[in-house]
Amino acid sequence: MNTISTIPNLRAQINEWRRQKKTIALVPTMGNLHAGHLSLVEQAVADRVVVSIFVNPLQFGVGEDYQTYPRTFEADCEKLEKVSTHLLFTPSVTELYPAGMSSYVTVPKLSNILCGASRPDHFKGVATVVNILLNIVQPDKALFGEKDYQQLMIIKRMVADLFMPIEIIGVPIVREADGLAMSSRNQYLNAEQRAIAPCLWKTIDKMRLESGERNYTSLEKNAMQALAELGFKPDYVAVRQAQTLELPTAADKDLVILAAAWLGKARLIDNKIVSF
Ligand code: PAF
């Protein structure tokens, strides 16, 4: 695995691969890699797989965990060596955001709801950095985890709206044995919180839309209450149309249940895609 941290060096390598007619997949990450990230790399079917590690300051709000976000570069490299990564891109903040940089990408309708309602500008930061990475690497495809479902829908929308010739692939959530969705932020949980954390998934999994219940507001309210009783500080539980994240009508059959809840210092998110 080759590690590159500057844009000119990365572009030289990409140009060389393009000359050789190689297909290229990009897996953007913020590092602190776990099995969920590695499954993105494993499912990246392409001649060359590029993984980026960049803790993006633009997507962290004031008072959020940008400074303390776990940075585990050596361990990440060891893990990437074991899966089929050809190139690791590790730009600095000034490499991606040089002085004077003043352009942003926003997907307002999808970004101001759900997680965006409590994390203003978060998705503007995500859309901007993903746009930058896609422009630098110009991959044929890019892979993102379905755990960050709203992020995935925003990136798909951005790529479609801006006619970017890149296939965006969502990869299913990887869970711990007890159902907790894998996330770098799970390590913020103490032992007691870690024991409760899988209940976020269990609570939304129990909503059982498949069994015919259509009073989504009541299901959401009951789930919020159940989470609060378990010790979470729920942010939202929402049943939405799977692609647009709009409120579903009774006729909609492709839905997603999304949830976000605080447990101590950790803001956990999870979701369940439901089709019937
Ligand atoms: O999902 C993440 O790790 C980040 O939001 C991403 C897509 C790498 C952008 O910084």
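The values are calculated or read from the model by the stated rules, or taken from the named source; none is laboratory data. Because the structure is a prediction, the values reported are computed rather than measured. Please note: Cβ atoms are built from the backbone with ideal geometry, for glycine as well, and neighbour counts cover all protein chains shown. Areas reflect the complete protein model, heavy atoms only, side chains present, ligands, DNA and RNA absent. Shrake-Rupley method; radii C 1.70, N 1.55, O 1.52, S 1.80 Å.
Quick look at the numbers
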quantity: Over 22 Å between alpha carbons, listed pairs Lys233/Lys253; Lys124/Lys233; Lys233/Lys272; calculated: Lys233/Lys253; Lys124/Lys233
quantity: Euclidean distance of C-alpha centroids, the range 1-77 and the range 204-224, integer Å; calculated: 37
quantity: Cα-only radius of gyration and Dmax that characterise the chain, units Å; calculated: 19.0, 59
quantity: Beta bridges per DSSP with both ends in the chain, % antiparallel, nearest 5; calculated: 50
quantity: Given charges at beta-carbon only (K, R positive; D, E negative), |dipole| of the chain in Debye; calculated: 300
quantity: Accessible area of the range 89-159 belonging to carbon and sulfur atoms, whole % at 1.4 Å probe; calculated: 50
quantity: Length released on extending from Thr72 to Ala251, taking residue separation times 0.36 nm less the Cα-Cα span; calculated: 59.8 nm
quantity: Where a label projected 7 Å from the Cα of Asp140 along Cα→Cβ would reach, residues of the range 48-73 with amide N under 20 Å; calculated: 48-52
quantity: Within straight-line cross-link reach of Lys21, lysines at Cα separation under 24 Å, skipping those fewer than 8 residues along the same chain; calculated: Lys141
quantity: Ranked by how many other beta carbons lie within 10 Å on average, peptides 184-191, 260-267, 208-215 from highest; calculated: 260-267, 184-191, 208-215
quantity: Protection proxy ranking of 95-101, 152-158, 31-37 - average other beta-carbon atoms within 10 Å, highest first; calculated: 152-158, 31-37, 95-101
